[in-house]
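Everything below concerns the one structure shown next.
The values are calculated or read from the model by the stated rules, or taken from the named source; none is laboratory data. If you're wondering where the values come from, they're calculated on a predicted model, not measured in any experiment. We place every Cβ from the backbone using ideal geometry, glycine too, and count neighbours over all the protein chains shown. Only protein heavy atoms, including side chains, enter the accessible area calculation; ligands, DNA and RNA are left aside. Shrake-Rupley method; radii C 1.70, N 1.55, O 1.52, S 1.80 Å.
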There are 2 protein chains.
Amino acid sequence: MRLADLTERAGEWLRGAGPMHDVVISSRVRLARNLAGMPFLGRCTAQQQREIEERISREALTAEIAADMFYVDVAAAGELDRQLLVERHLISRQHAQGDQPRGVAVSKDETLAIMVNEEDHVRMQSLRSGLQLREAFADLTRIDDRLETRLDFAFHSRYGYLTACPTNVGTGMRVSVMLHLPALKMTGQIDKVFRAVRDMRMEVRGLHGEGTEATGDFFQISNQTTLGKSEEQILEEFLDRTIPNFVDYERRAREALLRRPVAVDDKAHRAMAILRSARRIGSEETMYLLSMVRLGANMGRLKDVSIKTVNELFLMTQPAHLQRVLQREMDAPQRAEARAAYMRKRLSLN
Amino acid sequence: MRLADLTERAGEWLRGAGPMHDVVISSRVRLARNLAGMPFLGRCTAQQQREIEERISREALTAEIAADMFYVDVAAAGELDRQLLVERHLISRQHAQGDQPRGVAVSKDETLAIMVNEEDHVRMQSLRSGLQLREAFADLTRIDDRLETRLDFAFHSRYGYLTACPTNVGTGMRVSVMLHLPALKMTGQIDKVFRAVRDMRMEVRGLHGEGTEATGDFFQISNQTTLGKSEEQILEEFLDRTIPNFVDYERRAREALLRRPVAVDDKAHRAMAILRSARRIGSEETMYLLSMVRLGANMGRLKDVSIKTVNELFLMTQPAHLQRVLQREMDAPQRAEARAAYMRKRLSLN
């Protein structure tokens, strides 16, 4: 398994299935861990950072976490490969941009990823399609247990797992769910969602996590604090209340739209027509149009495209993916033309 | 010939032919005349206004000006019919909105129209496709001569023809040419055109004359003064210098675009795709998109649509036409849906 093979398909989490997949794109759980007896990354010497990377990457590959785990040395990887990993949600932007020794271990189906030397020594994530937080958490518990038989993680009997940033202390767990809320946006109710998220002390972010704008009606909802709550409590809150509530809001907004479907039909058919005919198109407009096509398909108003294809196009038309798929490096104007050509081909009626 | 029959096709001037028709949509010449011995319209009694209308409409229909002339009593016509005449450029907006006895005599092919009791007692126009000012002027000279054998027009040996507004005194002639300048707009040079027009003491207006915005890259260029110049001088200026200059600018801008045609291709194909798939669309967006389709077709970048069809759609999708063609009265939101459906049908690939 090599990094280059990744672009042949989308990760498991983008297959457009799983519970509530009409609204929930994906579920992600991440645990932060640090090696006991080692300073946090910012206080490590370069030698210690190298040592940490070596130990963790070795254990990640040999602890029988998943079949076909492979490791990417992010520090040694080219700019394009690092961006590719970000676009696939396998590493964070911060991890891509760092300058310390660092890397990521990834399972073949991309549901599992273990970042080494991001903000913490270890950040493991499980990423799944639809609303599957409990399954994702079970994955991580298993990995965490396996790694703990070989590594000693910093743990305080009162505070829990110790992390570089105090917001992660405790369970070290972050739960995020990616939602597609186009109907709430179309009907002007999205601000209510944002207010509700804040009132519940959660965070809402764009497609690519911290510091990114919400584009194309995609919103990442995640917990803000990990201290003072058990993993079980955090999961329960998301699974039993938060997410079903948002899904319900969105579904009701879609039902309301269906009572006079011309607005959705107009947006969905225009979006599809533009994607099938543009001669150059930026990634942000693409995202917005695909969002409208996804809505139309999910509402049964667009018949000739599958959600799987739409999800794949979200990924494949992003800058690094596009360059890998088409096997040439391109600047933004060149990408805009290549993206349009690729899109026309993938969505052609035949 | 009845008014209702008009919507079966576009007028002769929209057939997309004639000299320089890639840039020049149409040429219009209009002469203003007033009956000698009668006050200007604003000073007439209602009785005098009725008398004027009766005399002129009778002569217009019997002077053998053209085969199948018919007369529309604009004061008695419904709102929709008046708007229809405006959209076809057969009467002015002012004429549609007045409250005096008034009307218009129209030739079957719509090249000739004689407005009665607009600002002046008589305003006759000839409207032709492409750059045909001399032909249009010849039409009017013939009509003017015929009418003068039966009517006595107010004429002053020093000032020329007398008109209600001093800007028309002299020849009483107004020359306007409708240009389609999308490439100059796309390449950001349209302001230069506006400056040139002003420097030449001409006027630039939108599609529907005085007080209308230039939408969809259509610009009406006309002379400002009629005093102190002969008809021949005014025509010569337009035919030999002004219009060929603008046509040349626009053609050069199109050639420049062709050097890297992706920008035009993108706009033209998107426009066509949207027109073929929208479920509701306003008249202004329609105008803009048709303008892009017309550009693409004229530049040989869009193959499956004729200029004749595009020109016809410009007319038939305007509010009053749409309602007449579809034979039902509709408010703006209803028209937006009906317009989209009509457009999809007319542009369908089959």
- Task: For the stretch A:1-160, just say rounded, prolate or oblate: build the C-alpha gyration tensor, square-root its eigenvalues into a ≥ b ≥ c, call rounded for a/c under 1.5, and beyond that prolate if a/b exceeds b/c, oblate if not.
- Result: oblate
- Task: Sort the following peptides by mean Cβ neighbour count (other Cβ atoms within 10 Å, averaged over residues), highest first: B:231-243, B:309-321.
- Result: B:309-321, B:231-243
- Task: DSSP loop (so not H, G, I, E, B), at most 12 other Cβ within 10 Å: list which trypsin sites (Lys or Arg not before Pro) in the stretch A:110-195 pass both filters.
- Result: A:ARG158
- Any idea how far the Cα center of the stretch A:274-320 sits from the one of the stretch B:137-210, in Å? 50 Å
- Item | Charge dipole (the protein assembly as shown, unit charges on Cβ, about Cα centre) - positive-most of B:VAL305, B:LEU133, A:HIS321 | B:VAL305
- With Rh as the Kirkwood radius over Cα pairs, chain B has Rg/Rh of 0.98
- Could you work out the mean count of beta carbons from other protein chains within 10 Å of each residue's beta carbon in B:261-269? 4
- Inter-site label distance for A:GLU51 and B:PHE40 at 7 Å from Cα along Cβ, in nm: 10.0 nm
- Note on the structure: If every Lys and Arg gets +1 and every Asp and Glu gets -1 at its Cβ, then about the Cα centre the protein assembly as shown yields a dipole, in debye to the nearest 20, of 580 debye
- By how many nm would the segment from B:THR187 to B:LEU349 lengthen if fully extended, with 0.36 nm per residue of separation less the alpha-carbon distance? 55.2 nm
- Report, in degrees rounded to the nearest 10, the 0 to 90 angle that the Cα long axis of helix A:332-346 makes with the longest principal axis of chain A. 70 degrees
- Could you run the Karplus curve 6.51 cos²θ - 1.76 cosθ + 1.60 with θ = phi - 60° over the stretch A:166-178 and give me ³J(HN,Hα) per residue in whole Hz, x for Gly and Pro? x, 5, 9, 4, x, 6, x, 9, 10, 10, 9, 10, 8
- Cβ crowding within 10 Å averaged over residues, with A:286-294, B:113-121 ranked highest first: B:113-121, A:286-294
- Query: Where the only charges are on Cβ atoms (+1 Lys, Arg; -1 Asp, Glu), what is the dipole of the stretch A:3-254 about its Cα centre, to the nearest 20 debye?
  - Reply: 640 debye
- Roughly what angle does helix B:283-298 make with the longest principal axis of chain B, taking Cα atoms, 0 to 90 degrees, to the nearest 10? 70 degrees
- Query: With axes computed from alpha carbons, what is the tilt in degrees of helix A:133-148 against the longest principal axis of chain A, rounded to the nearest 10 within 0 to 90?
  - Reply: 20 degrees
- Using Cα positions and a limit of under 14 Å, work out the aspartates and glutamates in reach of B:LYS108, with same-chain residues fewer than 8 apart set aside. B:ASP5, B:GLU8, B:GLU12, B:GLU64, B:ASP68
- Note down the net charge around B:LEU80, summing +1 for each Lys or Arg and -1 for each Asp or Glu among other residues with Cβ under 10 Å from its Cβ. -1
- Note on the structure: Taking a crude spin-label model, label points 7 Å out from Cα along the C-beta direction, the A:SER230 to B:ARG201 distance in nm is 9.3 nm
- Item | Heavy atoms of B:ASP304: accessible area, 1.4 Å probe, square angstrom to 10 | 90 Å²
- Item | Per-residue mean of C-beta atoms belonging to partner chains within 10 Å, peptide A:271-280 | 6
- Reachable aspartates and glutamates from A:LYS267, criterion Cα separation under 15 angstrom, eight or more residues apart if same chain: A:ASP217, A:GLU285, B:GLU285, B:GLU337
- Item | Residue and distance (whole Å) for the chain B Cβ nearest the axis that superposes B on A | B:ALA273, 2
- Share of Cα-Cα pairs in the stretch A:262-347 beyond 23 Å, whole percent, is 18 percent
- Query: With each run of n ≥ 4 DSSP H residues scored as -39500 (n - 2.57), what mean residue ellipticity at 222 nm is computed for chain B after dividing by its residue count and rounding to the nearest 500 deg cm²/dmol?
  - Reply: -12500 deg cm²/dmol
- With a Cα-only, solvent-free Debye model of the protein assembly as shown, what are the log10 I(q)/I(0) values at q = 0.08, 0.09 Å⁻¹? -0.75, -0.84
- Item | Residue pairs, from the table A:LYS308/B:LYS185; A:LYS303/B:LYS345; A:LYS192/A:LYS345; A:LYS308/B:LYS303, whose Cα atoms sit over 29 Å apart | A:LYS308/B:LYS185; A:LYS192/A:LYS345; A:LYS308/B:LYS303
